[in-house]
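Report on one structure; see the data block that follows.
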Amino acid sequence: MWHSRRVMTDSASTAIPAGKRILVVDDHLDFANFVRRVAEKEGFVAELVDTAEAFRKAYAEVQPAIICLDIVMPEEDGIELIQWLTGQQCKAAIYIITGHNPSYARAALEIGRSQGLNIAGVLQKPVSLLTLRDVLSAAGEGRTAIAAD
């Protein structure tokens with residue numbers, strides 16, 4: 001397991017504009033780092049975690065505007081995290097990421113939306129650089145609906 005976290009103090013987290021914080025939970029380091037590189041070029045600060053447990057801890061600290069959520073992870077799946085986010089009254093734009101059967105991601109999208117979450121879309125791995133840039137650019141401008149949905 002890997003953890004790529006920058007510990008944000010209260011003053012550091014408030015110095016970063018609220019709309020420019022992204023939290024990525026994915027058990028594949030290469031993909032998470034890809035998202036980080038693209039996000040940082042778009043002016044975001046990206047925090048990466050690889051487990052549901054690390055995600056829960058980072059969520060309150062980071063207060064993300066955008067969440068990239070891998071729906072299939074080894075210990076706990078993204079649907080469980082979607083249910084947890086509902087309990088947190090999450091307002092972040094959530095992008096469901098999957099490299100598996102897209103129907104599972106679509107089910108997660110429907111569950112999240114039915115529970116009032118802002119599920120902005122589904123991205124199928126491998127995600128192209130252009131698609132990710134478009135998603136982050138739109139999110140940075142406050143637009144979260146994407147064609148990949």
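The values are calculated or read from the model by the stated rules, or taken from the named source; none is laboratory data. All of these numbers come straight from a predicted model, not from anything done at the bench. So basically every Cβ, Gly included, is an ideal-geometry build from the backbone, and we count neighbours across all protein chains shown.
When only residues in region 90-100 that are over 15 Å from I22 (Cβ atoms) and either of a type in the set (D, E) or surrounded by 15 or more Cβ atoms within 10 Å (Cβ to Cβ) (or both) count, which is modelled with the highest pLDDT?
In this case the residue turns out to be T98.
State whether one or more residues within region 49-57 are within 15 Å of the chain's Cα centre (by Cα), hydroxyl-bearing (S, T, Y) and not in a loop (DSSP other than H, G, I, E, B).
There is no residue in region 49-57 that is within 15 Å of the chain's Cα centre (by Cα), hydroxyl-bearing (S, T, Y) and not in a loop (DSSP other than H, G, I, E, B).
Applying the selection to region 101-147, what residues are of a type in the set (D, E, K, R), at pLDDT 90 or above and not in a helix (DSSP H, G or I)?
Across region 101-147, the qualifying residue is only K125.
In region 65-90, which residues are among the acidic types (D, E) and farther than 16 Å from S114 by Cβ?
Here is the first cut: in region 65-90, the ones among the acidic types (D, E) are 70, 75-77, 80.
If the condition is that a residue be among the acidic types (D, E) and farther than 16 Å from S114 by Cβ, then D70, E75, E76, D77 are the ones that fit.
Scan region 20-38 and give yes if some residue there is within 18 Å of G116 (Cβ to Cβ) and either of a type in the set (D, E, K, R) or surrounded by fewer than 24 Cβ atoms within 10 Å (Cβ to Cβ) (or both), otherwise no.
Among the residues of region 20-38, not one is within 18 Å of G116 (Cβ to Cβ) and either of a type in the set (D, E, K, R) or surrounded by fewer than 24 Cβ atoms within 10 Å (Cβ to Cβ) (or both), which makes the answer no.
Return the residues of region 58-84 that are within 21 Å of L132 (Cβ to Cβ) and in a loop (DSSP other than H, G, I, E, B); say none if nothing qualifies.
Hits for region 58-84 are P64, A65, I71, V72, M73.
Has region 17-24 got at least one residue that is at pLDDT 95 or above, touching a Leu at 6+ places or on another chain (Cβ under 7 Å) and on the phi < 0 side of the Ramachandran plot?
yes
Going by the structure shown, is F34 touching a residue at least 60 places away in the same chain (Cβ under 8 Å) and either touching a strand residue (DSSP E or B) at 6+ places or on another chain (Cβ under 9 Å) or in a helix (DSSP H, G or I) (or both)?
yes
Give region 32-48 a look and list any residue that's more than 15 Å from G19 (Cα to Cα) and under 12 Å from the mean Cα position of the chain (by Cα), or say none.
Passing the criteria: A32, V35, R36, L48.
Would you mention how many residues in region 102-140 are of a type in the set (S, T, Y) and either in contact (Cβ under 8 Å) with a residue 60 or more places away in the chain or exposed (fewer than 14 other Cβ atoms within 10 Å of the Cβ) (or both)?
Number of matching residues: 4.
Return yes or no: is G87 under 23 Å from R133 (Cβ atoms), surrounded by fewer than 23 Cβ atoms within 10 Å (Cβ to Cβ) and among the small types (G, A, S)?
In short, no.
Under 6 Å between Cβ atoms, at least 6 apart or on separate chains: pull out the pairs that start in region 38-59 with a residue that is within 13 Å of D77 (Cα to Cα) and end on any residue that is surrounded by 23 or more Cβ atoms within 10 Å (Cβ to Cβ).
That search, which allows pairs on different chains as well, returns A52/L81; F55/V25; F55/V49.
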